[in-house]
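Below is one structure, written out as structure tokens, with a few remarks after it.
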Amino acid sequence: MQSPAVEPHPRPFLLRAWDAIPVLIRAIVICLVIMLIGGSVSGALMLVNLKMAPAIPVFLPATLIWLWLFWKYLAGRGWPGATSARRSQALRAGQLSAKAWLWALVAGGCGIAGVMGIAFVTYRYATLPQAAYSAPFDVASLPASTLVAMFAAIALTAAVVEEAAFRGYLLSGIQGRYGWTAGIVVVTLLFYLAHLSHAYATLAFLPFFLAHGLLFGWLVYSTRSILPGILLHGVSDFIVLPMQYGVIPSIGEWAFVSQGWLTLVAGIAALFAFRKLARTLTLERSAPNGRHHSECLDILATQAENETESCK
């Protein structure tokens, strides 16, 4: 005698209503929420600290703790448990082998050097508002240790929050429904629009943002992970921000940089490195039991979007 079939537990109304919203709208809303919450807390920690005790940069360890907690939640920890698998898949934080890490950093590092070369050329020749060169704080009055902590906190926050929001959740949502090309292009354009509040993000900087978005999108496509992009994003911001605000001399004054040679040389090197990265990952994924955890998450993310009930 067969036991009566057990009806599946009905999904909560809010989840069913959320799933009824078009994928693109959902992805954009989640991206904006991640940006708002992640960046606001880090910014508030820095602002309060600089007003009360600027010589003691306790905001840096506080920012590290906040970003770690925020990352854990985005990766699937915490309430509600019903969205844990979705959050983990959307973040796309798959691990890589040591060799894949090496070539991802070489390819991405050469690429970001070329992209930053575009920024330096733009700074040198384009007409930008004076606010583009002004730091959000009076850097001249801050001790060196506080300045280092400030640039580190800004770079870390931008790297973790922006990559999780754009190349993680937003790209996962769009790519799962519309494919990689559409996902990378839309994310790149939205990344530029999200930076229009920055004084330097004029139309003159559009080539920089397009190159930046395509590079980081290509890196995620190649590795199926946002981790290399987070590291490269943070390091590049930490190096460039002090130059932008006049704290250290800018390499944009060098003819090799301002005349576009850095972009050309680094871009060619990046193409060769990306080919090596592709071959490395192809060999690893074709080896017995060689399917990367990140690739499995990519497959699961697509299945979760097409068969939402299977994620429960």
query: If only Cα atoms are counted, what is the Rg of the range 150-204, and what is its Dmax, in Å?
result: 12.8, 39
statement: Highest GNM mean-square fluctuation among 172, 236, 225, for the chain with Cα springs under 10 Å, belongs to 236
- prompt: Okay, which of the range 185-228 sit inside 20 Å, backbone N to the point 7 Å along the Cα-Cβ direction of residue 279?
  reply: 219, 222-224
- prompt: Karplus couplings for the range 13-25 from phi (6.51 cos²θ - 1.76 cosθ + 1.60, θ = phi - 60°), rounded to Hz, Gly and Pro as x?
  reply: 4, 4, 5, 5, 5, 5, 5, 6, 6, x, 4, 4, 5
message: If I ignore ligands, DNA and RNA and count only protein heavy atoms, how much of residue 138 is accessible to a 1.4 Å probe, in Å² to the nearest 10?
response: 100
field: Phi to ³J(HN,Hα) by Karplus 6.51 cos²θ - 1.76 cosθ + 1.60 over the range 103-116, Hz, x for Gly, Pro
entry: 6, 5, 6, 5, 5, x, x, 4, x, 5, 5, x, 5, 5
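How high is the relative contact order of the range 1-135, in percent, counting Cα pairs under 8 Å that sit 6 or more residues apart? The partial results should precede the final answer.
Details: 34 pairs, mean separation 13.7, N = 135.
Relative contact order comes out at 10 percent.
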statement: A correct Karplus calculation of ³J(HN,Hα) over the range 180-190, with 6.51 cos²θ - 1.76 cosθ + 1.60, θ = phi - 60°, whole Hz and x for Gly and Pro, returns 5, 4, 4, x, 5, 5, 5, 4, 4, 5, 5
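Pairs of alpha-carbon atoms within less than 8 angstrom and 6+ residues apart define the contacts here; what relative contact order does the range 185-240 have, in percent? Walk me through the intermediate numbers first.
Details: 26 pairs, mean separation 17.1, N = 56.
Taking the mean separation of contacting Cα pairs over the length of the range 185-240, I get 31 percent.
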message: Rolling a 1.4 Å sphere over the protein heavy atoms, what is the accessible area per residue of the chain, to the nearest Å²?
response: 52
field: the range 172-294: projected area of the alpha-carbon convex hull, averaged over directions, in nm²
entry: 9.2
- request: Compare 72, 99, 51 in a GNM of the chain, Cα atoms joined below 10 Å, and give the one with the largest fluctuation.
  value: 51
- prompt: Which percent of the accessible heavy-atom area of the chain goes to carbon and sulfur, probe 1.4 angstrom?
  reply: 70
- request: Using Cα extents along the principal axes in Å as the read-out, say which of (i) 83, 49, 34; (ii) 58, 43, 35; (iii) 56, 47, 35 was calculated from these coordinates.
  value: (i)
query: How much length is gained if the chain between residue 77 and residue 17 is pulled fully straight, taking 0.36 nm per residue apart and subtracting their Cα-Cα distance, in nm to one decimal?
result: 19.3 nm
query: Which whole-number percent is the relative contact order of the chain (Cα, under 8 Å, 6+ apart)?
result: 30
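How many percent of all Cα-Cα pairs in the range 58-196 sit more than 27 Å apart? Display every interim value, and only then the final one.
Numbers: 3559 of 9591 pairs.
For the range 58-196, the fraction of Cα-Cα distances above 27 Å is 37 percent.
By the scheme Lys and Arg +1, Asp and Glu -1, what is the net charge of all other residues having a beta-carbon under 10 Å from that of residue 103?
Values: positive: 99, 275, 276, 279; negative: none.
Around residue 103, the charge tally is +4.
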field: Fluctuation leader among 24, 210, 283 - the chain, Gaussian network, Cα springs under 10 angstrom
entry: 283
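For 243, 52, give the ranking by accessible area with the largest first, probe 1.4 Å.
Numbers: 243 30, 52 155 Å².
The most accessible residue leads, giving 52, 243.
The values are calculated or read from the model by the stated rules, or taken from the named source; none is laboratory data. Bear in mind the structure is a predicted one, so any value in this text is a computation, not a measurement. Counting neighbours? That spans all protein chains shown, and the Cβs are built from the backbone with ideal geometry, glycine included. To get the accessible areas, we keep the full protein, side chains included, count just its heavy atoms, and leave off ligands, DNA and RNA. Shrake-Rupley method; radii C 1.70, N 1.55, O 1.52, S 1.80 Å.
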